[in-house]
Amino acid sequence: MGSPPRATGDGVCADRRAVLLMGPTGAGKSALAVDLARRFPLEIVSVDSALVYRGMDIGTAKPDVDTRRAVPHHLIDIRDPVESYSAGEFVLDAAAVMEDIWSRGRQPLFVGGTMLYFHALSNGIAELPEGNLAVRAEIDARATALGWEQVHRELAEVDPEAAVRIHCNDSQRIQRALEVFRVTGEPISRLQKLRHSVLAGVDVVEIAVAPRERSVLHARIEGRFAAMLRAGFVDEVRLLRERKDLDAEHPSMRAVGYRQVWRYLAGHCALNEAVDQAIVATRQLAKRQFTWLRAREYARWVDSSQNDAISGLIIALSEQGIFE
């Protein structure tokens, strides 16, 4: 893989740097990140859509309190499980955290496996209007009367680019595209191109960590889930289920592992079935994460199954001149 243009000589401030440490679930990212942060002036910024939730510790493999005291971590335990958290909110929070870290002469180390968040961090988020219930109701009424295929044709008249991307049966995206046009007078396809990355002007190094052999990752996934069960994962989910304001449809409870154990506690399957389903779902998640990672053209790959994986990370940083 190549590397992005170096900061020196092209206007990028040398003090505004960031390291992106990405990888599939079970790859060992967290331990490697802590090791790096102990060696260099780095602070860890979590890029994980489940670690943001308080009370979800075991099933997310959240770093323990002692580790977080020894090495600064950010964007962990910032939401209650009943609340939602979007990629847009993550980008705003990440931008604020970066400024805080830089103000203390240190650098952010973004670590996690929520690839949508990494994508939003690098490519920016389109500034779209909030949902308009009245406009949505009008679109829904028209779809009820004429069908979504006809509404899709109407979208093609005002935003042909979006209509090409959106299937005629994808009612949610058709509705949103038409809603944005009616509220702003601008095609959503155009607004989505007006993105600004919070990493613009930042000297960035991207590193992807994963075992070279997929079988090693699968074994790690199974071993980690078994360890979670021994640590009391079922009881953790049971406590969450006892809350009156939380149910299986909340985004937090749709996280891999939580969703399957919730089904077991609700009496929909046996525990061994829930475990098998969770392991399969985790493998599928890892497969999707690999797809995202392969699209990161500047990422330097490090085999995390090697005993000297940390050396590979240090070499990657030194070759990019981050810590010389």
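The values are calculated or read from the model by the stated rules, or taken from the named source; none is laboratory data. Predicted model only: the values in this text are computed from it and were never measured. A quick note on method: Cβ atoms are made from the backbone with ideal geometry, for glycine too, and the neighbour counts reach across all protein chains shown.
For the stretch 156-170, give me each residue that is in a helix (DSSP H, G or I) and over 28 Å from the mean Cα position of the chain (by Cα). If the condition is that a residue be in a helix (DSSP H, G or I) and over 28 Å from the mean Cα position of the chain (by Cα), then 156, 157, 158, 160 are the ones that fit. In the stretch 269-283 there is no residue matching the filter, namely being at positive phi, over 16 Å from the mean Cα position of the chain (by Cα) and in contact (Cβ under 8 Å) with a residue 24 or more places away in the chain. A single member of 210, 145 is of a type in the set (Gly, Ala, Ser), under 30 Å from residue 24 (Cβ atoms) and modelled with pLDDT of 95 or more, and it is 210. The residue pairs whose first member lies in the stretch 70-89 and is modelled with pLDDT of 95 or more, whose second member is aromatic (Phe, Trp, Tyr), and whose beta carbons are closer than 7 Å, counting only pairs six or more residues apart or on different chains, are 79/53; 79/85; 81/53. Selection of helices (runs of 4 or more DSSP H) fully inside the stretch 202-265 by the criterion of at least 3 residues being within 26 Å of residue 119 (Cα to Cα) returns 214-230.
Applying the criterion of being outside any helix (DSSP H, G or I) and surrounded by fewer than 16 Cβ atoms within 10 Å (Cβ to Cβ) to the residues of the stretch 124-136, the residue that is farthest from the chain's Cα centre (by Cα) is 132. Quick check, is residue 139 farther than 30 Å from residue 234 by Cβ, outside the structural domain of residue 254 (by TED's automatic domain parsing) and surrounded by 14 or more Cβ atoms within 10 Å (Cβ to Cβ)? Considered against the rule, which asks whether it is farther than 30 Å from residue 234 by Cβ, outside the structural domain of residue 254 (by TED's automatic domain parsing) and surrounded by 14 or more Cβ atoms within 10 Å (Cβ to Cβ), residue 139 comes out as yes. Taking the listed residues 173, 153, the one that is out of contact with any Phe, Trp or Tyr (no Cβ under 9 Å at 6 or more places or on another chain), within 30 Å of residue 296 (Cα to Cα), of a type in the set (D, E, K, R) and outside any loop (DSSP other than H, G, I, E, B) is 173, with no other qualifying.
In the stretch 203-213 there is no residue matching the filter, namely being of a type outside the set (D, E, K, R) and surrounded by fewer than 19 Cβ atoms within 10 Å (Cβ to Cβ). Which one of the conditions (1) touching a Ser or Thr at 6+ places or on another chain (Cβ under 9 Å); (2) modelled with pLDDT of 95 or more; (3) assigned to a helix (DSSP H, G or I) does residue 98 fail to meet, given that it meets all the rest? The single condition residue 98 does not satisfy is (1).
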